[in-house]
Ligand SMILES: [Zn+2]
Ligand SMILES: [Zn+2]
């Protein structure tokens, strides 16, 4: 095991009983589990790699911390070409920029 994080004063050997108190290692593991939780992730701009459509929302993903929780509004398919979520990429673009992109950024605007 990698002892980098627990190098100080946690004796590995000699624990004979099940201690209900979290060790440092348990706490770190729990913190990492919570940090891996994506349930509360913000909406972002979703870019479809198939058709190039931009939409704003959350790409469907299973939370590794809460694998049984499903959010109905998460995007499972592209609204335009119905491509799967694996063909959609999440861009770090906020709603304001997304609106600008979809309003002005159309490559073939007719006028
Ligand atoms: Zn979660
Ligand atoms: Zn698409």
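The values are calculated or read from the model by the stated rules, or taken from the named source; none is laboratory data. On a predicted model such as this, the values are computed, not experimentally measured, just so you know. FYI the Cβ positions are ideal-geometry reconstructions off the backbone, even for glycines, and counts take in every protein chain you see.
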Against the conditions (1) under 12 Å from the mean Cα position of the chain (by Cα); (2) at pLDDT below 90, where does residue 42 fall short? Just the number, please.
(2)
For residue 28, work out the one condition from (1) modelled with pLDDT of 70 or more; (2) in a loop (DSSP other than H, G, I, E, B); (3) away from ligand 2 (no atom under 16 Å from the Cβ) it doesn't fulfil.
(2)
If we keep only residues of region 62-77 that are in contact (Cβ under 8 Å) with a residue 24 or more places away in the chain and closer than 21 Å to residue 31 by Cβ, then the residue farthest from ligand 1 (Cβ to nearest atom) is 64
Would you check which residues across region 31-56 are touching a residue at least 12 places away in the same chain (Cβ under 8 Å), within 16 Å of ligand 1 (Cβ to nearest atom) and outside any loop (DSSP other than H, G, I, E, B) and list them?
33, 34
Subset of region 45-67 that is at pLDDT 95 or above and out of contact with any strand residue (DSSP E or B) (no Cβ under 9 Å at 6 or more places or on another chain) - its residue that is nearest to residue 102 (Cα to Cα)
52
Subset of region 77-104 that is away from ligand 2 (no atom under 14 Å from the Cβ) and in a loop (DSSP other than H, G, I, E, B) - its residue that is nearest to residue 61 (Cα to Cα)
92
